[in-house]
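Heads up: the structure comes next, in structure tokens.
The values are calculated or read from the model by the stated rules, or taken from the named source; none is laboratory data. Predicted model, so just to flag it, every value in this text is computed and none were measured. Counting neighbours? That spans all protein chains shown, and the Cβs are built from the backbone with ideal geometry, glycine included. When the accessible area is computed, the model is the full protein with side chains, heavy atoms only, and any ligands, DNA or RNA have been set aside. Shrake-Rupley method; radii C 1.70, N 1.55, O 1.52, S 1.80 Å.
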Protein chains: 2
Amino acid sequence: MATLGDIGVSAAINILGAFAFLLAFALLRIQPINDRVYFPKWYINGKRTSARNAGNFVGKFVNLKFKTYLTFLHWMPQALKMSEAEIIAHAGLDSAVFLRIYILGLKIFVPMAVVALVVLIPVNVSDGTLFALSKDLVVNNIDKLSISNVRSKSIKFFFHISMQYLFTFWTCYLLYKEYDRVASMRLKFLASQGRRAEQFSVLVRNIPHVSGRSTSDNVESFFRKNHPEHYLCHQAVYNANKFAKLVRKRNRLQNWLDYNQLKFERHPEKRLTKKTGFLGLWGERVDSIDFYKQQIKQLDKRLTMERQEILKDPKSIMSAAFVSFNSRWGAAVCAQTQQSKNPTLWLTNWAPEPRDIYWKNLAIPFFSLSIRRLIISLAVFALVFFYMIPIAFVQSLANLDGLERVAPFLRPVIELKFIKSFLQGFLPGLALKIFLYILPTILMIMSKVEGYVAVSTLERKAAAKYYYFMLVNVFLGSIITGTAFQQLHSFLHESATQIPRTIGVSIPMKATFFITYIMVDGWAGIASEILRLKPLVIYHLKNMFIVKTERDRVKAMDPGSVDFPETLPSLQLYFLLGLVYAVVTPILLPFILVFFSFAYFVYRHQVINVYNQQYESAAAFWPHVHARIIGSLLISQLLLMGLLSTKKAAKSTPLLIVLPVLTLAFHKYCKNRFEPAFRKHPLEEAMDKDIEDRLSESDVNLKSFLADAYLHPIFHSFEEVELVEVGVDKARIPSPSGSSSPSPPHDVRDEEDGPSHNVQHYEYGPPGNVYQYEAEQSSYVYQYDIESHHNVYHY
Amino acid sequence: MATLGDIGVSAAINILGAFAFLLAFALLRIQPINDRVYFPKWYINGKRTSARNAGNFVGKFVNLKFKTYLTFLHWMPQALKMSEAEIIAHAGLDSAVFLRIYILGLKIFVPMAVVALVVLIPVNVSDGTLFALSKDLVVNNIDKLSISNVRSKSIKFFFHISMQYLFTFWTCYLLYKEYDRVASMRLKFLASQGRRAEQFSVLVRNIPHVSGRSTSDNVESFFRKNHPEHYLCHQAVYNANKFAKLVRKRNRLQNWLDYNQLKFERHPEKRLTKKTGFLGLWGERVDSIDFYKQQIKQLDKRLTMERQEILKDPKSIMSAAFVSFNSRWGAAVCAQTQQSKNPTLWLTNWAPEPRDIYWKNLAIPFFSLSIRRLIISLAVFALVFFYMIPIAFVQSLANLDGLERVAPFLRPVIELKFIKSFLQGFLPGLALKIFLYILPTILMIMSKVEGYVAVSTLERKAAAKYYYFMLVNVFLGSIITGTAFQQLHSFLHESATQIPRTIGVSIPMKATFFITYIMVDGWAGIASEILRLKPLVIYHLKNMFIVKTERDRVKAMDPGSVDFPETLPSLQLYFLLGLVYAVVTPILLPFILVFFSFAYFVYRHQVINVYNQQYESAAAFWPHVHARIIGSLLISQLLLMGLLSTKKAAKSTPLLIVLPVLTLAFHKYCKNRFEPAFRKHPLEEAMDKDIEDRLSESDVNLKSFLADAYLHPIFHSFEEVELVEVGVDKARIPSPSGSSSPSPPHDVRDEEDGPSHNVQHYEYGPPGNVYQYEAEQSSYVYQYDIESHHNVYHY
């Protein structure tokens, strides 16, 4: 076990690491050449077009003002300058509420840390069981400050119990206030939004097939009949998978063409040629640029034909549609009610924002959804508890003996001592490292298979899965040694009262481990987040090889967005650690406080200067955050009960059993009180906005506004093709953003880190959108990322 | 342990008992004097006004046709004569679907019994572990036919596992078909109903208080704004508790007056007098009839004043209202959507039928509801697991020593040997018997405290609580000896895998106990149900002492209704027993089959001839029935897993673990597929009926139809008072029943078994209801049972 000295050393190393990152960041961020990496948000907003202090030629790349080098923590006060309202306007409500989680952490844990350190540490130290034992044992200094130091059956445990009560009430009080605040922020935000397509639209799924009648007619007649006064129009959803494949192929060719043209521009003396056969290995040698140009031309023809076919073929219309209403009230009613006598048909739901839709999942039928959810929940269970099995298998293959057996010719190389020791240290961990690296992707794919239709929902579901993984494998896995599978096995064979005891008794012993974890993952990890090393490298690589025009440069910046599927679960883990250790080993709390405050600064800076959210869910993730903090409270209460029962403070159990019941009741109350604000759509609200609209602008043509808001984005992608058939009026391409937020966060976001080879982009002229566009947003780049089926807009 | 012979004896006793009941029933039912006890439904329907074969004076009381005595099972074919559609029309959908549960039991268990007896009994017998052991042990013969007889580690367990699979799939298949059928029956039934107040009305609760504005105005303006095209009118809910108290007092006085007048009529020579003081013990002696008449007159004045006060005082208007819409579509929309930004205000729900409303609970605010639910769920938990503690305490007090200590003067009596032995055998069981007798009442009170607003919901919730009690205390309590509290303790200290093992291993040993239970509770119990001994005695007592007019005689018949809070849970227990023992001890199945078929006959007879449902919920209980049969399946699977793991058939566990997962998935699918039909109200349905209405009768004044449908029933009770203020038009008292069912089941139902002293009854003239009334229903007796706050109608 680590002593206080060990922890000091570890802290010093991590603090140094964090400082190194911060220093590097401070140096890099003021270089004009990196401006687009560290301040992309401002470029996207149109507030900045070129780096500041760009003087002479050298000044364009390197910052020559040496004074600025001295203020290397200057970004921190800068990050605090914006008010919350400004952040909401600047980056959206999601980001603003995300930052509030850190503040909530500070609000919860600062008083908790003060009280715990002042009250519990003296109590723990004074009892001194471990002082007596210390002559024989190497006693962890931190244990002297923890509950382990209190004698069994001591009356002093009532301090701990009353602290647990106090902390629970304090946490619940703050959670209640915060939920209230976030809910009202959400309602205010939604109320302040301008006219948006999703306010009037409902996603209808599982449209039944009526023979001899097209889906469109079917939708039309159903809603004309059942919502006669409110139905306006609808947009069918086309199955564009084959078309998307062709578009992908075209993108590939276009990239090659670009590459060849670029090469040619740089070396006009050298004509590039290419063989037409397989992989360019044989066949006739032709001019590359001509070849690709011709290929693209051919493909464009096929695309046009395919497009026509899709639009004409009734089979390509999927059993889903976006139905629009003439008032928000009508849409709110349709979204919340059951339409058909058969509850599995005509399923209605609020339409997500157009840019938030995950198109691929729109056509999944109801029955398939049930099966998918079942399979995925089993798969997640297996992943959480049994993930070590395949990894261990791969590890067993990937040891040196296995490698020699598979590839005997490598033996001479492997037998070299240096290489052998390197491989022996490296190989077994490799499989695990790769797995952990791709885990978020795996979880996201699982969520996609489950069939959710909005990117925001997908991210929330992936976050939930990641949290379970962390809870079992990081939290429980660190406390009880052994794999998750072994834990599961022992849980099944232990009684309901024994489990919290087994875990509870190990809790104080693992405090030092978690302190180190917080420093490595929380302190140094967050510091590396602000440095943005990967985007930095990629941006400069792109800049060197790909960027030709200013627009390309804009595209090359990869602002990214708050990575909810990863950040939310790890944030929730810190809440769990704080709540569990608050009573047991309060010395852990200051470390968590440092994390919360530091991460708050960093993410505030990133939200203001870097991130560009792909969608706006209006803080739809909050109920999950709330529920998981409540879950953490419950875990902390159960574990304390388990711990105290091993301390023979048996009489304390009845005192503590009240807490989980109260906590659960509180959760249920909050759920009833606040959650509908995140899930449902009050008619009062809709009616208010309808009335407001009617009073202010009575002559708006709503139908044309909604006409192609929900057209599959792939059909937007050909400017040259006449879009009359699908009712698209080019002059009226709707903006997916609200008009009220000054500069909505729309942006290119590549799924992968590589240069955007798969991304096709077409430029529309000044769109002159009737409702939302400001004049300064003069370029509208539409981009469809075929891999992810996200449609992302780009100004 | 009982041998086959013992079971035979027990069976013989119970069969004899059942036959005795049936014989008594056969004799009693054909006596004209009992006609109103055994065929009240026909009197209520107006299909019969006096007993058949009423010839001479004696023939009015005793059946003199001896031929009819010979056909004492004649009621059975008679009970089968009605088709299901006729039963729905005659007794409502609730009763028809209730009967279907028995048919479902037969459908599930007949093929199961055949397969299990043919396949498993030979398998069990052939292995013969117990044959070998039988020389030493007194072996239960039934055990030889059960799974206990199979050797450990035997390959033959795969027969049992495959049977479990087969039975699970068979049960799920039938459950699916039945859910589908019941759901479509429900929709058809609802669609076939005529215009009813509840189709147009929504119950709004938690109306916020706006200062300087009455609740009525508040409701009016809110719905006028948010449902401008659909809002029609609303009916405030008055707090009539004080008024109800006065009405109760008046009823008491009226009863005394009736009693005195009756006495006077019989003995006109003797004037009755009464002292005015406390309990009639002292004070001035006055003429009784005059005294009561005067008292009632005074009270009537106070009642009139109180009524005026309630209607005028804004404080007596509760924060709930019944809001009516001009179309079913408007009501369906309002009931399913969230109205207010604050999700705890303006809570809307479908209004129950007027006669189904439990008025007392209408004013409970949202916050209080959360607390109440929490407290009651804790109370139910305590009741289920710890009910033995207070009973044991009472028992310890109620033993002879305790009695002697409390009342030493009784010692000489108690010391008598005969009385002593009687008391010793009697007293300890008394507390438990009293508790079990009043248990359904306790559970109903608990449900009422929880705050549900419909009687049908209250009964379903009470049924759920009763089921948990039975599951823990009858099923588990019989398998694992010891109190429920001890079970809970051992469950908490056993591992998750150990619990099914502990229970599973005792399962085969308890088969004989459950066979006896089925015979006593199922066979003889059901036979006693048909005899209706209590209503028979009460009817004749009432007939002797109270009945003066024909109307009194109608009131004296107590048809009762299907007692869902008790019958549904016990029915579900039989499903549980059948499913658990199907694989383990298949010999139990024939006993269950006898129960299902016999109970089917009996309840069919009762539904046709006796019961008169108080409300019609259109089979709203079905999802609970379905869910509990699924629960029984899960329990049977887990217990089989536990049992097999003790038989060291360890490899079988992975084979069986698939089943609960599949069963749960099936349940989830069914829930999504069918449950909305029981909980939600499709707009398509509402629109269809609206259109139908518009086409057929366009000039109906809906507003006057709905005007006082939802007036608190207590205000209906004074004919003499002008009801103009509350908008009641006497000519248009709405019928609570549909027009399509030929004779809807409205009826007096006294909560208690005593003569209806607390029931006040006023007669209205021929109501001539504009929509539903047939001419033959010439008397409309309105009756308000103040104890239960049920309003019951009476034709």
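Using a 1.4 Å probe and counting only protein heavy atoms, arrange A:Lys648, B:Lys156 so the residue with the most accessible area comes first.
A:Lys648, B:Lys156
What figure, in Å² to the nearest 10, do you get for the accessible area of B:Met318 with a 1.4 Å probe and non-protein molecules left out?
30 Å²
Between the label point of A:Asn241 and that of the same position in each other copy, find the distances and list them shortest first in nm, with every label point placed 7 Å from Cα along the Cα-to-C-beta direction.
Taking the point 7 Å beyond Cα along Cα→Cβ, the inter-copy spacings are 6.3 nm.
Okay, which of the range B:592-608 sit inside 13 Å, backbone N to the point 7 Å along the Cα-Cβ direction of B:Ser10?
B:592
Quick one: label points 7 angstrom along Cα→Cβ at A:Ala379, distances to the other copies in nm, smallest first?
4.8
Which value in nm describes the separation of the simple spin-label points at B:Val118 and B:Asp217, placed 7 Å from the Cα toward the beta carbon?
So the label points at B:Val118 and B:Asp217 sit 7.8 nm apart.
Give me the accessible area of B:Thr497, 1.4 Å probe, in Å² rounded to the nearest 10.
Looks like 40 Å² after rounding.
So how do A:Val602, A:Val413, B:Val119 rank on accessible area, 1.4 Å probe, biggest first, that is with the largest at the start? Show your work: numbers first, answer last.
Working: A:Val602 0, A:Val413 70, B:Val119 45 Å².
So the residues, ranked largest to smallest area, are A:Val413, B:Val119, A:Val602.
Please list log₁₀ I(q)/I(0) at q = 0.26, 0.28 Å⁻¹ for the range A:583-638, using the Debye equation with identical point scatterers on the alpha-carbon positions.
-1.08, -1.09
For A:Gly5, place a label point 7 Å from Cα along the Cα-to-Cβ direction in every copy; what are the distances to the other copies, in nm, shortest first?
Copy-to-copy label distances for A:Gly5: 8.5 nm.
From the phi angles alone, apply the Karplus equation (6.51, -1.76, 1.60; θ = phi - 60°) to the range A:154-165 and give each ³J(HN,Hα) in whole Hz, x where the residue is Gly or Pro.
Taking θ as phi minus 60°, the curve returns 5, 5, 5, 5, 5, 4, 5, 5, 5, 4, 4, 4 Hz for the range A:154-165.
How much length is gained if the chain between B:Thr304 and B:Thr497 is pulled fully straight, taking 0.36 nm per residue apart and subtracting their Cα-Cα distance, in nm to one decimal?
Length difference between fully extended and current span is 62.8 nm.
Using all C-alpha to C-alpha distances in the range B:601-674, build P(r) with 5 Å bins and read off the rounded percent in each one.
Result returned by the calculation: 3, 13, 15, 15, 12, 10, 11, 8, 6, 4, 2.
Ignoring ligands and nucleic acids, what accessible area does B:Leu253 show with a 1.4 Å probe (Å², nearest 10)?
Approximately 20 Å² for this residue.
Too long at a 22 Å Cα-Cα cut-off: which of B:Lys360/B:Lys542; A:Lys156/A:Lys648; B:Lys107/B:Lys461; A:Lys177/A:Lys668; A:Lys177/B:Lys341? It would help to have the intermediate numbers written out before the result.
Numbers: B:Lys360/B:Lys542 30 Å; A:Lys156/A:Lys648 12 Å; B:Lys107/B:Lys461 27 Å; A:Lys177/A:Lys668 15 Å; A:Lys177/B:Lys341 17 Å.
From the list (B:Lys360/B:Lys542; A:Lys156/A:Lys648; B:Lys107/B:Lys461; A:Lys177/A:Lys668; A:Lys177/B:Lys341), the Cα-Cα distance tops 22 Å for B:Lys360/B:Lys542; B:Lys107/B:Lys461.
Counting only protein chains, not ligands or nucleic acids, how are A:Glu685, A:Glu692 ordered by accessible area (probe 1.4 Å), most first?
Greatest to least solvent exposure: A:Glu692, A:Glu685.
How big is the Rg/Rh ratio for the range B:146-194, C-alpha atoms only, Rh by Kirkwood, two decimals?
In the range B:146-194, Rg relative to Rh is 1.43.
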